[in-house]
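The values are calculated or read from the model by the stated rules, or taken from the named source; none is laboratory data. As the structure is a prediction and not an experimental result, all values here were calculated from the model. With ideal geometry, Cβ positions are generated from the backbone for all residues, glycine too; neighbour counts draw on all protein chains shown. Only protein heavy atoms, including side chains, enter the accessible area calculation; ligands, DNA and RNA are left aside. Shrake-Rupley method; radii C 1.70, N 1.55, O 1.52, S 1.80 Å.
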Amino acid sequence: MSKIITITGDLGSGKSTVSDILCKRLNYSYIYTGKIQREIAERYKMTTLELNKYSETHPEIDAEIDRTFVALGEQQNIVVDSRLAWHFIPNSLKVYLKTDVEVSAKRIIGDSNSVRKSEKYASLEEATEHIKARKASENKRYSDLYGLDCDDMSNYDLIIDTSYITPEEVADIIIDIKSQ
């Protein structure tokens, strides 16, 4: 089995938390798009949603992010948290984390982590709409740029609904599948 785990999925599905747990348990390194994207958004003085919309007509943003991941295919013992790592690193264990959109919104609203400082919402409804808009923007962009359908679950080796299980349980499932 691959010594690279790529994790993608719904916003607020626990990708970062699960990745962190996997890295600690497996002694793997962690590489993730979220940090890169938030840094770019901050540099442009935009929210992540605004950056996604901007990226629809400025492919250089995706190219900046994607170059990082193309080179990772030869590495080992890494967890890559990225919307498209499954595509750029085909020899990985490709994991998709699903979550009910309202559960995602509640998680994001309740996240006191400073990396989400541009993702503050006045209500659950606002957060839910933002999540849907961001996902639609990303899916359109990746379809236009790469001809990919990120919602096609056949792209992934493992799909886990994280709505009502703990990140530790999700990590247990991934480690179990990886060791088979």
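For the stretch 161-180: of the residues being surrounded by fewer than 13 Cβ atoms within 10 Å (Cβ to Cβ) and hydroxyl-bearing (Ser, Thr, Tyr), which is nearest to residue 16 (Cα to Cα)?
Out of the qualifying residues, it is 164.
Does any residue in the stretch 88-107 that is closer than 10 Å to residue 156 by Cα come within less than 6 Å, Cβ to Cβ, of a residue that is open to solvent by 70 Å² or more (accessible area, probe 1.4 Å) and acidic (Asp, Glu) six or more places away or on a different chain, and which pairs are these?
Between residues of the stretch 88-107 that are closer than 10 Å to residue 156 by Cα and residues that are open to solvent by 70 Å² or more (accessible area, probe 1.4 Å) and acidic (Asp, Glu), the close pairs are 93/157; 94/157.
For the stretch 33-92, which positions are over 22 Å from residue 5 (Cβ atoms) and of a type in the set (Ser, Thr, Tyr)?
Passing the criteria: 44, 47, 48, 54, 55, 57.
For the stretch 130-180, which positions are assigned to a strand (DSSP E or B) and of a type outside the set (A, V, I, L, M, F, W, C)?
Within the stretch 130-180, 161 is the sole residue that qualifies.
Is it true that residue 49 is closer than 30 Å to residue 174 by Cα and in contact with a His (Cβ under 7 Å, 6 or more places away or on another chain)?
Considered against the rule, which asks whether it is closer than 30 Å to residue 174 by Cα and in contact with a His (Cβ under 7 Å, 6 or more places away or on another chain), residue 49 comes out as yes.
Look at residue 127 and say whether it is without any contact (Cβ under 8 Å) to a residue 12 or more places away in the chain and either within 19 Å of residue 46 (Cβ to Cβ) or not in a helix (DSSP H, G or I) (or both).
Taking the combined requirement at face value, the residue does not satisfy it.
Among the residues of the stretch 20-47 satisfying the criterion of being within 10 Å of the chain's Cα centre (by Cα) and of a type in the set (Ser, Thr, Tyr), which is farthest from residue 149 (Cα to Cα)?
32
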